[in-house]
Structures are given as C-alpha cells and as structure tokens.
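Right, one structure below, let's go through it.
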Amino acid sequence: KQILDSGDFDEFTDVRENFYLEAKPTIPYLFKTSGQSAFAEFAKDVASIANSKGGFILCGLKTDKKSDSTSPHEFDVITNPIISLINKDTFYKQEDINKFANQYIFPKIKLDVKWYEYSKDHNLGLGSIYIPPQEEDKKHFITRISDNSSRNIKHYFAIPIRNDDESK
C-alpha cells in the first residue's frame, strides 16, 4: 500500500507474488470478449485472496517465472514494473467489479477498486483491486461459474484457496 500511495512503482521490481499480492498485466479480465473464462479467473483470484488473509490484485505489472532452492515450484516475480502501466480510463470501474463479484462470489464480498498514479508519468499508473481481510465466520467464499457452451447449461462451484503465490 505504501508503494502504491508513493507512486514509485520501481520499488516493485523483484517483488515475488505471495499470499497478499497477485500481479497481473494491463487489463487481465477481458469481461466483454473472453466470456465465462474471464469471470471464472476473476472469481478465482478474488475468492482465493478473500479465503486467505486479504490482499491486492495489481493490474499493470509484468512478471516472469523464477525458481530457487527455497521453493519446490516456479513462482512469479515482478520485473520492470513500468513496462505495462495503464491509463486510468482503461481500468475497471468500482461498480462493475462489485457487480461481477456479487454475481460470481458467495457470500457477498466488498472490494475497493482504485487507480494509482505513477510519480514519473501522470498519465499512467497501476490499477488495484483490494480485497480486505474477511471475517472468519463468513469464510469460505464460493465461486459460481456457468458453462453454456453446449445445449445443457452446467454450473460449477468451487472454493478457491490461496497457497503462497498460487490460487487453487
């Protein structure tokens, strides 16, 4: 939060995704063109962070896969943070994100959508979807996705869980 407020996004360089941080490129959830897959990915990311400790989905950050001896699997690390910064007008609106969250995540969850200005270029910045820590008695958050690609509509339910830097 301090880095976002400062606008010095270079400080994100080499930061590893974790329980509290999911880094995404530009506009990751293409709701209008990707259909159910975008809603499924969005619901999985938000619910898994809500089922954990709360945190941020930051949009406009490029990551690369890395590995080291401390982790049994590859993980994402933020590379040059200013490569993928976005314009404020292209980022999601609070009311749209709340609407999608209320349609695909149960029980209802409150999110904070905000765009943060880059200190070196006031036309660019990072988009943030903040998932606050949730009350334990409301957990677990469940996602609902419908697949209507065939004649029979199928409904899928899941409880996404955040495991360090992954949502499963």
Given the options Ile49, Tyr92, Ile105, identify the residue whose Cα lies farthest towards the positive end of the charge dipole of segment 1-113 (+1 on Cβ of Lys, Arg; -1 on Cβ of Asp, Glu).
Ile105
Taking Cα atoms only, helix 94-104 is inclined relative to the longest principal axis of the chain by an angle, in degrees rounded to 10, of 40
Mind pulling the angle between the C-alpha long axis of helix 36-51 and the longest principal axis of the chain? Nearest 10 degrees, somewhere in 0 to 90.
80
Taking a probe of 1.4 angstrom, what is the accessible area of Lys65 in Å², to the nearest 10?
120
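Run the numbers for Glu74 and Asp14: contour at 0.36 nm per residue of separation, minus the present Cα-Cα distance, in nm. Don't skip to the answer; put the middle values down first.
Working: separation 60, 0.36 × 60 = 21.60 nm, distance 1.42 nm.
Extra length from Glu74 to Asp14 when fully extended: 20.2 nm.
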Given the chain, what percent of its DSSP beta bridges are antiparallel, to the nearest 5?
90
Using a 1.4 angstrom probe on heavy atoms only, work out the carbon and sulfur share of the accessible area of the chain in %.
51
Which FRET efficiency value, to the nearest 0.05, do you get for Lys93 and Arg144 by plugging their Cβ-Cβ distance into 1/(1 + (r/R0)^6) with R0 = 22 Å?
0.50
Return the Rg/Rh ratio of segment 27-88 with Cα-based radii and a Kirkwood Rh.
1.02
Projected onto the charge dipole of the chain (+1 at Lys/Arg Cβ, -1 at Asp/Glu Cβ, origin at the Cα centre), which of Ile159, Ile129, Gln2 gives the Cα projection farthest towards the positive end?
Ile159
Surface/4 of the Cα convex hull for segment 1-137, nm²
8.9
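Go through 98-106, 44-52 and give me the packing order, highest mean Cβ count within 10 Å leading. Working shown, then result.
Values: 98-106: 17.1, 44-52: 23.9.
Top of the packing list down: 44-52, 98-106.
For the chain, with every protein chain kept in place, what is the accessible area per residue (1.4 Å probe, Å²)? Display every interim value, and only then the final one.
Numbers: 9230 Å² over 168 residues.
For the chain, the solvent-accessible area averages 55 Å² per residue.
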At a Cα cut-off below 25 Å, give the lysines reachable from Lys65, other chains included and same-chain residues fewer than 8 away excluded.
Lys1, Lys24, Lys44, Lys53, Lys168
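The values are calculated or read from the model by the stated rules, or taken from the named source; none is laboratory data. If you're wondering where the values come from, they're calculated on a predicted model, not measured in any experiment. With ideal geometry, Cβ positions are generated from the backbone for all residues, glycine too; neighbour counts draw on all protein chains shown. Surface accessibility is based on the protein's heavy atoms, side chains included, excluding ligands, DNA and RNA. Shrake-Rupley method; radii C 1.70, N 1.55, O 1.52, S 1.80 Å.
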